[in-house]
1. Which of the residues that make up region 140-151 are out of contact with any Asp or Glu (no Cβ under 9 Å at 6 or more places or on another chain) and surrounded by fewer than 17 Cβ atoms within 10 Å (Cβ to Cβ)?
2. Could you say whether any residue in region 138-149 is touching a strand residue (DSSP E or B) at 6+ places or on another chain (Cβ under 7 Å), of a type in the set (A, V, I, L, M) and either touching a residue at least 12 places away in the same chain (Cβ under 8 Å) or assigned to a loop (DSSP other than H, G, I, E, B) (or both)?
3. List, please: which pairs have Cβ atoms under 8 Å, are six or more places apart or on different chains, and start with a residue in region 169-186 that is farther than 18 Å from residue 146 by Cα and end with one that is open to solvent by 70 Å² or more (accessible area, probe 1.4 Å)?
4. Has region 159-168 got at least one residue that is open to solvent by 70 Å² or more (accessible area, probe 1.4 Å), at negative phi and not charged (D, E, K, R)?
5. Got a number for residues in region 166-186 being under 23 Å from the mean Cα position of the chain (by Cα) and not in a loop (DSSP other than H, G, I, E, B)?
6. Find the residue count for region 86-129, including only residues that are surrounded by fewer than 18 Cβ atoms within 10 Å (Cβ to Cβ), of a type in the set (S, T, N, Q) and not in a helix (DSSP H, G or I).
7. Please specify each residue of region 30-80 satisfying the condition of being of a type in the set (Ser, Thr, Tyr), touching a Gly at 6+ places or on another chain (Cβ under 9 Å) and open to solvent by 30 Å² or more (accessible area, probe 1.4 Å).
Amino acid sequence: MDKQSSEFLNNNDIPCVMDNQIEAYKLNLEKSQYSERDIIFMRMALKEAEKAQKKGEVPIGAVLVLNDKVIARTHNLRQTTKDATAHAEILAIKKASKKLKTWHLVDCELYVTLEPCPMCSGAIINSRINRVIFGAYDSKAGCCGTLYNLPQDARFNHRPKEIIGGVLENECADILSKFFKSLRNK
């Protein structure tokens, strides 16, 4: 593994992905248009989605990264908290702001397993997140390109420099599909 890859995995605050897992991920990289780095952080977001699922929450996970270090990792908690705003993205932004002692998340990157909704897209704009990377597209509420591209609207004075969709799209969509199928079967 190169020096840069090991740097963003060596974060004492957050458990990191094991070397053997990284090697397995690399096998699939040749088929991917996405960077190794984006895939690794999206896998971390998927782990958060799995935690949400175990709690009976819609399985969406988010990881907020600054300078290749995980600053916050969270998952949906709407059912648990009885709070409609407890989306993974909002919770990650709140955690990161608290940890960094600022709401200006200018150099941060947000990895989320589902395309952000209008509320989360607004929070992304307001917190000045630099880059948004999401997994599955959301045909019902996606506002980072599907229904609308709110964070890239030129009328706003702050916009992420980059939005990338479809990173590990099938895995991110699969966990959601299985979750909602199991709800329908109850």
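The values are calculated or read from the model by the stated rules, or taken from the named source; none is laboratory data. Given the structure is predicted, the values throughout are model-derived calculations rather than measurements. Virtual Cβ from ideal backbone geometry, glycine too; neighbours counted across all protein chains shown. These accessible areas exclude ligands, DNA and RNA; they are computed on the full protein's heavy atoms, side chains included. Shrake-Rupley method; radii C 1.70, N 1.55, O 1.52, S 1.80 Å.
1. From region 140-151, those out of contact with any Asp or Glu (no Cβ under 9 Å at 6 or more places or on another chain) are 140, 148-151; that's our starting set.
Within region 140-151, 140, 148, 149 meet the criteria.
2. No - not one qualifying residue is present in region 138-149.
3. 175/50
4. Start the filter on region 159-168 by keeping residues that are open to solvent by 70 Å² or more (accessible area, probe 1.4 Å), which leaves 159, 161-162.
If we keep only those that are at negative phi too, we end up with 159, 161-162.
Filter once more, keeping what is not charged (D, E, K, R): none.
Checking region 159-168: not a single residue is open to solvent by 70 Å² or more (accessible area, probe 1.4 Å), at negative phi and not charged (D, E, K, R).
5. Narrowing region 166-186 to residues under 23 Å from the mean Cα position of the chain (by Cα): 166-181.
Still in the list and also not in a loop (DSSP other than H, G, I, E, B): 169-181.
Of the residues in that region, 13 qualify.
6. Result for region 86-129: 1.
7. Filtering region 30-80 for residues of a type in the set (Ser, Thr, Tyr) gives 32, 34-35, 74, 80.
Going one step further and asking which of them are touching a Gly at 6+ places or on another chain (Cβ under 9 Å), we end up with 34, 74, 80.
Selection gives 34, 80.
For (1) among the hydrophobic types (A, V, I, L, M, F, W, C); (2) more than 16 Å from the chain's Cα centre (by Cα), each residue gets a yes or a no:
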position: 86; (1), (2): yes, no
position: 95; (1), (2): no, no
position: 108; (1), (2): yes, no
position: 148; (1), (2): no, yes
position: 151; (1), (2): no, no
